[in-house]
Structure formats: structure tokens, C-alpha cells
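Taken together, the values in this text are just the output of simple stated rules run on the coordinates, not laboratory data. Since the model is a prediction, treat every value here as computed from it, not as a measurement. For neighbour counting, all protein chains shown are included, and Cβ atoms are generated from backbone atoms with ideal geometry for every residue, glycine included.
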């Protein structure tokens, strides 16, 4: 089956198909969403207007049995940052799209009636329907999943992509839910407000049926299986991907960041949380097992790392996923909350409303810092978050993220870059991640170049987190590698094994070559990562970003963080070196030099 | 001299008092004791580790001082 672009224009409800352009043949996932956003969205487009696009793309290995190869890229212009956005999710949608032969689902336009709600259904035979479902307006994600299930045949196999009430309300920190292996809408393209983009297009949900469809075919099946086996054994062999992540989940990081003095606590005012162990991965595991839960599962079919888990309430019933480390931190340490059940309640509310748990936890921490509610008061935090459903209440401000909350309540320390909240590592005591936060095109985003590997975890070498030297180079290399993994459709957690086991890296290009029939090698993987980032940097330039936007808030350079009493020390010159290779690669790609390009776009 | 030792993830099974949990435990050791000596005393499994003394990365050769807090992690990661 060829790879196609499937376009749905919400202005006139038309559906068109076209073969993937030859120039984009080596792109998938993040590279492809970026290429489409770069090519089709004006820099000054209103993110919630008809000129923006919303793109869903499986990676190049989507639809295959490649371990951890089923990640989904969701792209568009971000209403939160005003720049390009690629928000990455687990769940079942990427494999379904790939099996349907869809390299990218591109949603364009906007319905004339802002109250219209639509369900887009792509059946396994490739047929597409767009049904009006105004009665689904305002439905929360879990109830919406049940409503969708009632529209499907009992023996169907399908994935869903859903938008909650926060996205419908245009909230700038709203995310898009993707169904997991059991059909729960609990995996998220959480960051950057793409739920609001989906809401602006009137799309309440998308159903992708892949019933009866098998894995996508390989150019060389035997070679693919051989490379796959090498890749799988590297993931099993490495202590992190083979043991720690399945046993404790992502939240195993809580205690280690607190010990390292890098766990942002009470709105980034301290680096260790006295109750870290009460909300960490070890306690989470003990509680889930004591309540009759299961140790672990994968967030999508084909995941061998299996870091996902379900949180159960005190009666042993499903409450929410994880919570993942970022959520346990943002709702926990950053708000001074020390109770995993309260954190799980906040996670469930965010999941049901369709809100990014990082921006929401940081927004709550900022709100607490304003004095409106107290640090540690989980009941008040829950009330504040839920109040967003009512006009004039503070919750609706919170739903627009940490920056909007800081602006509205006049808070001095607002931890954001490009308007997006910082994740769970303080850049003063983990300086490498500060480089990534400052420079990534995405706004503050740890996944864009996860320097915690060398800074804290001794994976892929060691670089002292408390010193500025070497951090820019580390972040640059990881940002390029991550853009490549996101384009291949691989989970970024494979990097823990890839950084330590050279053959795992080789196995990636061997899998790509055997699957696609195109030549892939180490240089080509690096080139894929670089081309992906070029699209992002050039789009952001066109949207008005300059090097001045690649900076942390000034308090990180001025206010020392306990226990190390240290400030962020990487120089601006070092920050600006991270993307100094972009003009050269852009010329190699045949794209206009940026100065001409800016003039060329109205 | 007195130090504190905290053991995380599956290493908490090796707490010196044999009780479960990860809370830091008091430990009496001789002057000049290194982290490597503690690892040997606790009979920790032979695997890579991440070590902190008073919130700073340390190595097995690090010599401990009165009042130090030592934290030992097996290889872990998340994100």
C-alpha cells in the first residue's frame, strides 16, 4: 500500500487524497507534520483560524512490528507559543493510520458554524465519513469514548483521537487525547494547545478503524526481522529500558531528581521536596500492587519497554493512567502536594477535560505562589481546575497555562519559555536541560533534548549538571537525535539503550532500510533529524521568533536555587550556538535563506 | 562517625536494618570510609549505580565525612 496524504477540509467538509509528494518520501511523524506546517501555514496565521492546519502522522516505522514504533506526531501552529508545534503521543492511532496507508491526516479550514461538532470516521476499507454530532458538545473524554463505542460494531477494532471541553473552549493549554490499548482516552498529545486547534476546526473526535488490516508490508521482510531482533534485544538488555522503566515507570525519577537538588518544588523555589518519596515511583508501584493493580503495560501495541501503568482508587477501580513522572511532579512537588491519590484526581480531571498536565500543574503552582490558594492544598487546586467550566472563574485562566496565570495574578516567577511551562527539572541545577528549554522550537520541553541522561542518570556518558561547560553541545546533539526518533515513530525512551549500545542505533537505520527499500545509514538518520529541525526553526523565524526568544526567564539567572544555591550559567553565546548549523542545512535542502524567506511571505 | 544512607528502587531491599522502605538510615562508620566500602558492607548487587552525597554526584572512591547523606540508585530513567 502506498503512503497517502488524506486531507479533510472542515470549511466545506470535502475529503481528498493524494500520494505523498516525492520530496517528502523520507519523512514521517514529526518531519512530515513539520514539512506540512512549514509549507502550508503562513507565519502570521491565527492558530485558531482557517489558515492553520492540524496534522496527524505516524512515523516511518508506524504500522510495523518495530519495537516501540507506534508513536504519533500531531502538528500545527501552537496557540500557546505562537510557533510550530509537534506534540507526540502514544496510543493506538499511529499504527491505525499507517495500516490505513495514511502518511498524514491533514485537517484544514474551519466550519462556518462555530457551534458545529463533527465526528470524522475512517473505516478499514478507506472510506471516510464526516458526521455532525452537535449533541456531543462539551462531553468529557471518558464519556465521549463511551459514546463513540456505541456507534461502532461490537467486533470492530479502532483507535480514537478525541477533543475534550478545554479544547472546545479554545484553552491554550488543551491537549488531544488518543486511545490506549484498552480504549481508554488517556494518552495525550498534551503540549502546546493543539486541543484548541482541533476545537477551532469543529472536530470533536476521529475514529480510525483498522479491523482486519495487518502490519504494513516491508521491502525486505527477512532483513527487517533481523534488524528488529537486534533492536529488541538491546532494549531488553539495557538496565533502564529492560528493568527500571517496566518495574517503576517514569515516576522512578522523583527521588533521584530530589536527591540531585533538581526537583522544582513550590513553583521553582527549591530543588528538593521533603515528600518526594511519598509521590515517587516506588510508592506508586507499592500502592498500585496493594490495590490489586498490574505492574505495567505498553502505551501502544508493539511497545516492549512497558512503562505505562493504571492508577487505581482505594476501591481498586481504574482512575487514570500513571500518573507519569511529569504529572506527579507538576501536581505534586511543584504544588507542594504530597498525596498520590490527590495527584491522580488532578490527572483524571486534566485527562477528562483535555488539559496538558505539565502546564496545568505549573499554572497551579504559579496560582499558589500568588497567594490565592495555599501550597499543598489539593482540594483548592481541584476546585480551581474544575472552575474553568464556569465563566468568570479563575480556572478558565489556568486553562490557558502557566504564563496566562502568572500574567493574570501578577506573579514574579513564571517558569515558561515561549509561553510554555517548564517541565520537571530545574535548569539551575540541571543546566543542560536549561539549554533545551531555552532553545527548542517547541517552548520549554524536556523531551526535545533530554539531557537528564548525561546530567543526572549517567546514561550516554556524564556531564556535570552544575557547570555550564558542554551543555550546549549535549543539548544540540540530543535535539537532532530526538527529531530523528520522532520522525521514525520511535518512542524517545529507546534513546536510553541507543546511547549506550551502538548496535541499537545501527539497527534503527537497518529497520528503516529494510522496511522502506530506501538507503538509510547513520548519516541519513542525522540528516533526517536536522531537516526536521530546519523546518521548525524557519517556521518560527517566519512567525517572528529571534534569538531573544531562546532564553530562560531572567529569575533563573538571578535567584539561586537551594540546596545548591546556584543560578543558570550557560552563556547566551552558547545558547545561540545550538542551531548555528541551520542556515547551511537549509541551503542543502533547497529552502530559501531565512532573510529572503521572510520577505517572500506576506 | 555518623552518616545517613538512603537506598532507592530495588536497592531498598538491602537496607542495613532489614526493614522495608527508602527512608535514610543512620550508619556508624570509621573515618576514611569510602562509598565503595559501604556498597561492599551492604552487599549491593554488582551493577552500575548513580551515587549522590549531599545532593552532589559522587563516585565509589568518594571518602565520606561526618553527617554526610549518601543516596544510592540503580540505573533508572524516565521522562
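Counting pairs of alpha carbon atoms under 8 Å apart in space and at least six apart in sequence, what relative contact order in percent does chain A give? Don't skip to the end; give the middle numbers.
Numbers: 1492 pairs, mean separation 94.9, N = 602.
Rounded, it is 16 percent for chain A.
Is the shape of the range A:312-360 rounded, prolate or oblate, going by the alpha carbon gyration tensor and its root eigenvalues a ≥ b ≥ c, with a/c under 1.5 for rounded and a/b larger than b/c for prolate?
Since a/c reaches 1.5 but b/c is at least a/b, the shape of the range A:312-360 is classed as oblate.
As a check on your grasp of the helix formula, calculate [θ] at 222 nm for chain B: sum -39500 (n - 2.57) over DSSP H runs of n ≥ 4, divide by the residue count, round to the nearest 500.
It comes out at -2500 deg cm²/dmol, rounded to the nearest 500.
222 nm [θ] for chain A, helices only, -39500 (n - 2.57) per DSSP H run of 4+, per residue, to 500?
Values: 24 runs with 224 residues, N = 602.
After summing the helix terms and dividing by the residues of chain A, the value is -10500 deg cm²/dmol.
I need the shape label for the range A:396-495. Rule: rounded when a/c is under 1.5, else prolate if a/b > b/c, else oblate, with a, b, c from the alpha carbon gyration tensor.
Details: a/c = 2.64, a/b = 1.55, b/c = 1.71.
It is oblate, given that a/c is not under 1.5 and a/b is not larger than b/c.
Can you give me the distance in nm between label points at residue A:143 and residue A:314, each placed 7 Å from the Cα along the Cα-to-Cβ direction?
2.6 nm
Arrange the peptides B:56-69, A:341-354 so that the one whose residues have, on average, the most other Cβ atoms within 10 Å appears first.
Answer by packing, highest mean first, reads A:341-354, B:56-69.
Before anything else, pin down the relative contact order of the range A:213-309: Cα pairs under 8 Å, at least 6 apart, normalised by residue count, whole percent.
On the way: 106 pairs, mean separation 26.1, N = 97.
The normalised contact order for the range A:213-309 reaches 27 percent.
Using packing as a proxy for protection, rank A:397-404, A:246-253 so that the peptide with the highest average count of other Cβ atoms within 10 Å comes first.
Values: A:397-404: 27.8, A:246-253: 25.9.
Final packing ranking: A:397-404, A:246-253.
Taking 0.36 nm per residue of separation and subtracting the Cα-Cα distance, what length does fully extending residue A:546 through residue A:469 add? Mind dumping the intermediate values first?
On the way: separation 77, 0.36 × 77 = 27.72 nm, distance 2.38 nm.
Computed gain between residue A:546 and residue A:469 is 25.3 nm.
Using the 2.2 N^0.38 Å rule of thumb for compact globular proteins, work out how the range A:40-167 stacks up: its C-alpha Rg over that value, please.
Compared with the compact-globule rule of thumb, the range A:40-167 sits at 1.11.
Can you tell me, using C-alpha contacts under 8 Å and at least 6 residues apart, the relative contact order of chain B as a whole percent? Show your work: numbers first, answer last.
Numbers: 137 pairs, mean separation 33.1, N = 79.
The value is 42 percent.
Between the range A:304-340 and the range A:234-280, what is the separation of their alpha carbon centroids in Å?
When both Cα centres are located, 13 Å separates them.
Give the peptides A:539-549, A:180-190 in descending order of average Cβ contacts within 10 Å, highest first.
A:180-190, A:539-549
Looking only at other chains, what is the average number of their beta-carbon atoms within 10 angstrom of each beta-carbon in A:245-256?
Averaged over the peptide's residues, the number is 4.
In nm, to one decimal, how far is the modelled label at residue A:519 from the one at residue A:123, with both set 7 Å along Cα→Cβ?
4.4 nm
How would A:258, A:330 line up from fewest to most surrounding beta-carbon atoms within 10 angstrom?
Fewest-to-most ranking of A:258, A:330: A:258, A:330.
Cα atoms only: what Rg and Dmax, in Å, come out for the range A:190-229?
18.0, 46
Based on the alpha-carbon set only, what is the convex hull volume of the protein assembly as shown divided per residue, in Å³? Show your work: numbers first, answer last.
Values: hull volume 98.0 nm³, N = 681.
Residue-normalised Cα hull volume stands at 144 Å³.
How would you classify the range A:109-242 from its alpha-carbon gyration tensor, with a ≥ b ≥ c the square roots of the eigenvalues: rounded for a/c under 1.5, else prolate if a/b is greater than b/c, otherwise oblate?
Judged from the Cα gyration tensor, the range A:109-242 comes out prolate (a/c at least 1.5, a/b above b/c).
Can you pull the mean other chain C-beta count within 10 Å for peptide A:556-564?
Neighbouring Cβ atoms belonging to other protein chains average 1 per residue here.
Per-residue Cβ counts within 10 Å, from other chains only, averaged over A:452-459: what number is that?
Mean number of neighbouring Cβ atoms from other chains: 4.
Roughly what would the spin-label model give for residue A:576 and residue B:25, points 7 Å off Cα along C-beta, in nm?
Simple spin-label model gives 5.5 nm for this pair.
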